[in-house]
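Derivation of every value follows stated rules applied to the coordinates shown; laboratory data play no part. Since we're looking at a predicted model, the values are computed, not measured. Every residue, glycine as well, gets a Cβ built from its backbone with ideal geometry; the counts of neighbours run over all protein chains shown.
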Amino acid sequence: MNKSKQEEEITPEKKWKSATIANNFIFYKIMRHNPDVCTELLEILLEMEIDHIEMHGEETIETDFESKGIRLDVYAKNDSKAFNLEMQASDSKELPERSRYYQGCIDVDTLQSGQKYKELKDSYVIFICISDLFEKGLPCYRFENLCLENNSIKLNDRSYKYFFIASNCDKILNEKQKAFMELVIGRKPKDKFCERLARLTEEAKKNTQWRKQYMEWERQRTYDYESGKEAGIAEGAQQKAIEDARSFYANGASIELIAKSLHMTEEQVREIVSK
């Protein structure tokens, strides 16, 4: 059986039935509709107490229509902190750059006109990954800005990036973190929090409205892929270009400007934004 035949048999319906907490759509729905669960997961991952969070929908933070907007899977804020939490089942080969861009856009979103820079919220970008994108065997890679000449000197800009690697979960010393990462890679739940996540996953898959949304989402992703190929966009960049075109168009950019900015023909842009 060739590869294309195998891929054809993995239908959206089969994906939905076999989905776990590692499924990006399921993960978002559970976190979005259960703020207490999201708060507890953030507390487990960041090893800190969080008094409350304000949940935001899966959204695009727009800076201006000539810049790329970003869609955050789970975006939450409180009085002093902002969190972007993502389930990343596959390595897109650009997560470090995405983490940089996400934090910049979060800062633009949280700092109001006239506010001082000191009023920026602490910013946390957290990726839950299956594979080890850094290939150094660590269960978690945490980053903050340090002085290259003296690593004991921190910039103290209060921006932090976390990359949790579920496949390296056996090396995690924190038992709650380890239990969650084991759940991500398909092992049985080992504590009450993970048992709840497992129940919420099964309940989510019984939600007919969410199932319909997932099917439509999967169909759109398939269309975007094919549309990008037909438009002559390189496979590695086609999804990004399609999202950019739609974001620009939604914010009032002209077909001509979009085509020029993304190096497309106007006909290609019209095909993308017409769907």
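The table for this structure:
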| quantity | calculated |
| --- | --- |
| Inter-label distance, nm, simple model (7 Å from Cα along the C-beta direction), Glu43/Asn156 | 2.9 nm |
| Across Lys136/Lys188; Lys15/Lys205; Lys14/Lys206; Lys121/Lys192; Lys77/Lys240, pairs whose alpha-carbon gap is larger than 20 Å | Lys136/Lys188; Lys121/Lys192; Lys77/Lys240 |
| Förster radius 35 Å - calculated FRET efficiency between Val273 and Ser113, Cβ distance, rounded to 0.05 | 0.70 |
| Glu256 versus Asn145: modelled label distance in nm, points set 7 Å from Cα along the beta carbon direction | 4.0 nm |
| J(HN,Hα) series, the range 267-272, from Karplus relation 6.51 cos²θ - 1.76 cosθ + 1.60, nearest Hz, glycine and proline x | 5, 5, 5, 4, 5, 5 |
| All Cα pairs of the range 11-191, percent lying beyond 29 Å | 21 percent |
| Modelled FRET efficiency - R0 22 Å, Glu195 with Ile50, Cβ distances, 0.05 increments | 0.55 |
| Extension gain (nm, one decimal) between Tyr101 and Leu173, 0.36 nm per residue minus Cα-Cα | 22.9 nm |
| Ranked packing of 203-211, 118-126, 174-182, most packed first, by mean Cβ within 10 Å | 174-182, 118-126, 203-211 |
| Simple spin-label estimate for Asp122 and Leu138 in nanometres, 7 Å along Cα-Cβ | 1.9 nm |
